[in-house]
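In what follows, a structure is listed as structure tokens, so that the remarks can point back to it.
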Amino acid sequence: MAAEPMTSGPTVAIYDTTLRDGTQGSGISLTTDDKLKIARALDRLGVAYIEGGWPGSNPKDLAFFERAAHEHWEHARIVAFGSTRRAHVAPEDDANLQLLLSAQTPTVTIVGKASAFQVVRVLNTTLDENLAMVRESVAYLKAAGKEVFFDAEHFFDGYRDDPNYALAVLRAACEAGADAVVLCDTNGGTLTEPLTEAVRHVVREIPCVVGIHTHNDCELAVANSIAAVRAGARHVQGTINGLGERVGNANLCSVIPILEYKMGYRCLPPGKLALLTETSRYVAEVANVAHDPKLPFVGAHAFTHKAGLHVNAIAKEPRAYEHMPPEAVGNTRHVLVSELSGRSNIVLKAQTFGIDLSDKPEIVRQIVEQIKELEFLGFWFEDADASLELLIRRALPGYTPPFTVLDYTVLTEYREGRGMLAEAMVKLQIHDQVFHTAAEGNGPVNALDAATRKALQAFYPHIADVRLEDYKVRVLDDHHGTGAKVRVWIRSGDNFRSWSTVGCSTNIIEASWMALADSLTYPLVTPLPTGTQSITPAVEAKASR
């Protein structure tokens with residue numbers, strides 16, 4: 001299976017509206033700088049159009065278009081979005097149309113009502129005046145030298161109620177010179193079969209390029225976009241990661257690979273499909289939202305395998321449980337290890353750590369049994385690769401721990417006038433020496449961390465660069481109240497990498513110590529990234545004293 005299949009079908013213009021429709025989603029707010037960063041990423045991906053916003057709606061969008069006019073766009077055309085002229089106002093006197101022209105974009109998109117109900121009940125004007133608004137607005141913008149797209153708002157609802165009027169709106173735009181008419185499922189309630197029939201009818205009747213714009217209220221936005229293309233649409237609007245109003249828009253990160261990889265349409269320039277995962281995650285980062293690991297194609301779990309039967313099969317032939325190669329969209333294959341794991345999971349996972357277990361079946365069997373026992377007790381290794389790697393390394397002959405904990409004590413008390421106080425005392429053995437250290441902290445875990453580092457830094461200077469990045473506690477059996485078992489998850493990092501560890505106990509201090517000890521052990525026993533200085537010489541020098 002080729003990672004980048006030949007595309008022999010028609011071209012479908014990808015129109016991204018993340019910067020306008022996407023920002024209408026709850027919790028999404030982008031600065032002008034954010035919008036420019038995302039626009040540059042979309043241009044690198046190779047989408048045909050980037051809708052930058054509505055120039056008349058807010059100062060940020062005005063600033064975006066001013067700055068975008070001075071950028072070099074390699075693949076995309078920047079689009080300004082607005083509406084048709086107001087009722088009974090001449091185009092040259094309409095403030096919105098003037099702002100569209102002032103945005104200095106090569107392409108503009110205007111939205112108008114394609115539903116008789118919306119015209120009468122929302123616009124409060126006549127059906128004939130609405131047709132004139134569409135016709136005159138498109139003609140005015142075309143006379144100014146713009147490429148013009150007409151978004152037919154509420155088209156499918158309008159088509160269902162009065163198909164003749166909905167088509168009349170499209171004809172008005174097309175006859176005035178619109179470069180494409182875009183059928184909008186504005187409320188997101190249209191099912192795929194009636195949508196397909198409507199698109200086919202439009203393609204037969206209207207001599208313009210037909211586009212599709214869907215919302216995901218019935219979780220059909222991607223399916224409806226694909227169905228519209230099958231029915232003849234050649235312009236697809238959507239957003240990265242499906243961001244958008246209510247529950248979102250059609251997710252271009254799904255639409256693009258389906259059309260290009262699965263169906264053979266041309267959506268992006270050659271070789272650009274492999275940038276899709278990178279773009280998806282970058283947009284989430286800039287928008288300051290968590291990247292959904294369950295997103296198809298680009299999510300962290302999209303090509304993740306857990307069950308032993310599945311992993312055994314993909315080790316022989318990935319097509320057994322993968323519908324396409326993950327690298328085609330820039331993603332990677334992941335193998336999880338859990339109580340469901342078989343030996344193949346362990347062997348493949350160890351390979352990602354640079355450990356070859358292919359000729360060590362007995363060790364693999366022991367590791368599988370240990371993982372099943374630990375997960376029965378409440379450990380969870382799917383998101384704690386560092387603890388898993390240490391478990392594997394500890395099972396190998398010749399493993400020497402960088403330190404051994406002999407005992408530790410944690411005291412926590414409240415003192416009037418001072419508040420809470422935590423103190424930890426730790427006794428470690430490092431090689432043939434025993435260190436007994438103590439430290440205070442703003443909590444018991446912080447105190448344990450500080451006391452342990454005091455002992456380790458003399459032998460392992462690199463430990464000073466290790467920092468705790470995140471700490472989470474999950475109660476596993478809440479019916480036991482304060483005596484419940486808890487799982488502690490810690491993410492740590494240094495100047496080169498991040499790693500995650502896990503601990504589990506009915507005692508939150510013990511669970512925290514397990515995760516903390518692994519987080520400090522991991523950078524001492526695993527190779528540093530290529531090109532960085534190894535900590536081994538410092539260890540040997542200190543140990544010889």
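Could you check, for the range 65-80, whether at least one of its residues is of a type in the set (Phe, Trp, Tyr) and under 20 Å from Asn241 (Cβ atoms)? So far as the range 65-80 goes, no, none of its residues is of a type in the set (Phe, Trp, Tyr) and under 20 Å from Asn241 (Cβ atoms). Checking each residue in the range 453-506 for being at pLDDT 90 or above, of a type in the set (Val, Ile, Thr) and not in a strand (DSSP E or B) picks out Ile463, Val466, Thr506.
Applying the criterion of at least 2 residues that are among the small types (Gly, Ala, Ser), buried (at least 19 other Cβ atoms within 10 Å of the Cβ) and in contact (Cβ under 8 Å) with a residue 24 or more places away in the chain to the strands (runs of 3 or more DSSP E) found wholly in the range 1-113 leaves 49-53, 77-83. The number of residues in the range 495-521 being within 30 Å of the chain's Cα centre (by Cα) and either within 15 Å of Leu391 (Cα to Cα) or free of Cβ contacts under 8 Å to residues at least 24 places away in the same chain (or both) comes to 11.
Evaluate the range 398-415: report whether one residue or more is polar (S, T, N, Q) and under 15 Å from Ser519 (Cα atoms).
Among the residues of the range 398-415, at least one is polar (S, T, N, Q) and under 15 Å from Ser519 (Cα atoms), which makes the answer yes.
Note on the range 225-282: residues that are in a helix (DSSP H, G or I) and assigned by TED's automatic domain parsing to the domain that holds Cys184 total 20. Checking each residue in the range 114-131 for being free of Cβ contacts under 8 Å to residues at least 24 places away in the same chain and part of a helix (DSSP H, G or I) picks out Val119, Val120, Arg121, Val122, Asp128.
Scoring Val236 on the criteria (1) farther than 24 Å from Gly53 by Cα; (2) buried (at least 21 other Cβ atoms within 10 Å of the Cβ); (3) among the aliphatic types (A, V, I, L, M) leaves a single failure, condition (1). Candidates Leu390, Leu348: the one that is under 27 Å from Leu476 (Cα atoms) and buried (at least 17 other Cβ atoms within 10 Å of the Cβ) is Leu390. Please verify whether the range 413-420 includes one or more residues that are at pLDDT 90 or above and in the same structural domain as Val525 (by TED's automatic domain parsing). The answer is no; no qualifying residue exists.
With the structure loaded, tell me whether Ala315 is modelled with pLDDT under 95 and in contact with a Leu (Cβ under 7 Å, 6 or more places away or on another chain) or whether it fails that test.
Judged against the criteria, Ala315 is a match.
Residues in the range 424-452 that are assigned to a strand (DSSP E or B) and under 21 Å from Ser519 (Cβ atoms): 13 in all.
Here Glu510 fulfils each of the conditions (1) closer than 14 Å to Gly378 by Cβ; (2) at pLDDT 90 or above; (3) assigned to a strand (DSSP E or B) apart from (3). The set of residues in the range 10-69 that are within 18 Å of Ser83 (Cα to Cα) and among the basic types (Lys, Arg) contains only Arg20. For the range 150-161, residues that are touching a helix residue (DSSP H, G or I) at 6+ places or on another chain (Cβ under 9 Å) and either assigned to a strand (DSSP E or B) or among the charged types (D, E, K, R) (or both) total 6. Within this structure, Val138 fails the test of being among the aliphatic types (A, V, I, L, M), surrounded by fewer than 19 Cβ atoms within 10 Å (Cβ to Cβ) and either over 32 Å from the mean Cα position of the chain (by Cα) or outside any helix (DSSP H, G or I) (or both). Scoring His215 on the criteria (1) in contact (Cβ under 8 Å) with a residue 40 or more places away in the chain; (2) within 27 Å of the chain's Cα centre (by Cα) leaves a single failure, condition (1). Each residue in the range 485-510 was checked for being under 23 Å from Thr409 (Cα atoms) and surrounded by fewer than 23 Cβ atoms within 10 Å (Cβ to Cβ), and 11 pass.
The values are calculated or read from the model by the stated rules, or taken from the named source; none is laboratory data. All figures in this text were calculated on a predicted structure; none of them were measured in a lab. Positions of Cβ are generated from backbone atoms using ideal geometry, with glycine treated the same way; all protein chains shown enter the neighbour counts.
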